[in-house]
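First the structure, in the form of structure tokens, and then the observations on it.
The values are calculated or read from the model by the stated rules, or taken from the named source; none is laboratory data. As the structure is a prediction and not an experimental result, all values here were calculated from the model. All Cβ positions, glycine included, derive from the backbone under ideal geometry; neighbour counts span all protein chains shown.
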Amino acid sequence: MDNQVSFIRRHPLLKDIFSLIIFVLFVILGTYFLNTYIMRSYNVVGASMENTLHGKDRLIVNRAAVSLSHFFGKPYVPERGQIIVFLNGDASGPLTCGVEASIRDQYIIKRVIAFPGERVVVKDGKLTVYNKEHPEGFNPDESTRKSDQDGPKKYTAGEVDMTVPEDEIFVAGDNREGTHSYDSRYGLGTIPYCRIIGPVLLRLYPFDKIRLF
């Protein structure tokens with residue numbers, strides 16, 4: 001023991017290098033833990049979420065909510081109207097759990113519209129959701145749109161009449177005119193719960209448009 005202490009005293013540079021290595025390891029582990037289980041950042045690409053979000057917006061996604069649900073052995077179920085980030089599927093097949101994305105748009109951001117068992121109808125520019133509580137149907141955007149500059153655009157293009165499968169959700173972008181948004185209306189299909197990265201918590205950039213969601 002005395003020899004070890006004496007060696008360290010004779011070589012203070014080695015002590016500093018060892019301390020630096022330990023510090024770097026803790027930083028790497030801490031960053032990995034935060035990024036995996038607490039929060040994660042993403043850049044918005046494209047115009048599919050306008051006017052709520054724009055290209056190059058920097059977002060912070062809440063991973064803690066998903067991690068907590070998984071800790072208790074339950075799937076994370078977002079709220080209707082929430083903006084979420086989820087993992088895209090393989091370009092050669094359907095969006096299934098356990099398949100890593102092999103296309104450029106590995107992560108996609110959309111708004112939650114409907115849940116398992118609910119019927120979604122898009123017709124004549126209107127989006128309507130039918131469920132047990134609303135057998136006559138309702139517009140899921142009514143509680144989401146804060147203004148004409150924020151929230152889904154009023155006109156929803158496409159022709160859809162489907163029931164959301166078990167353990168999956170129906171999502172759509174806010175820019176629903178034409179084919180600006182690749183979502184559950186156009187080819188993407190419904191999204192399994194296990195693919196959800198988390199709900200958007202904060203827009204961090206641009207700095208003059210910082211806001212919570």
Checklist line | All positions within the range 57-90 that are among the acidic types (Asp, Glu) and either touching a residue at least 24 places away in the same chain (Cβ under 8 Å) or surrounded by 15 or more Cβ atoms within 10 Å (Cβ to Cβ) (or both) | finding: ASP57, GLU79
Notebook entry, point to check: Can you name every residue in the range 172-199 that is surrounded by fewer than 18 Cβ atoms within 10 Å (Cβ to Cβ) and assigned to a helix (DSSP H, G or I)?
Noted result: CYS194
Checklist line | the range 202-213 - residue that is assigned to a strand (DSSP E or B) and surrounded by fewer than 19 Cβ atoms within 10 Å (Cβ to Cβ) and, of those, nearest to the chain's Cα centre (by Cα) | finding: LEU202
Checklist line | The lone exception for PRO12 - which of (1) modelled with pLDDT of 85 or more; (2) exposed (fewer than 13 other Cβ atoms within 10 Å of the Cβ) it fails | finding: (1)
Item checked: Selection from the range 26-55 of residues that are touching a helix residue (DSSP H, G or I) at 6+ places or on another chain (Cβ under 9 Å), more than 19 Å from GLY178 (Cβ to Cβ) and of a type outside the set (S, T, N, Q) -> TYR37, ILE38, MET39, ARG40
Note to self: Just to be sure I understand the filter: pairs with C-beta atoms under 8 Å, separated by 6 or more residues or on different chains, first member in the range 146-173 and at pLDDT 95 or above, second member assigned to a loop (DSSP other than H, G, I, E, B) and hydrophobic (A, V, I, L, M, F, W, C). Which pairs pass?
What the structure shows: VAL164/PHE115; ILE169/PHE115; PHE170/PHE115; PHE170/VAL164; VAL171/LEU188
Check: Which number in (1) at pLDDT 75 or above; (2) loosely packed, with under 12 Cβ neighbours inside 10 Å; (3) over 16 Å from the mean Cα position of the chain (by Cα); (4) in a loop (DSSP other than H, G, I, E, B) marks the one condition that PRO116 misses?
Finding: (2)
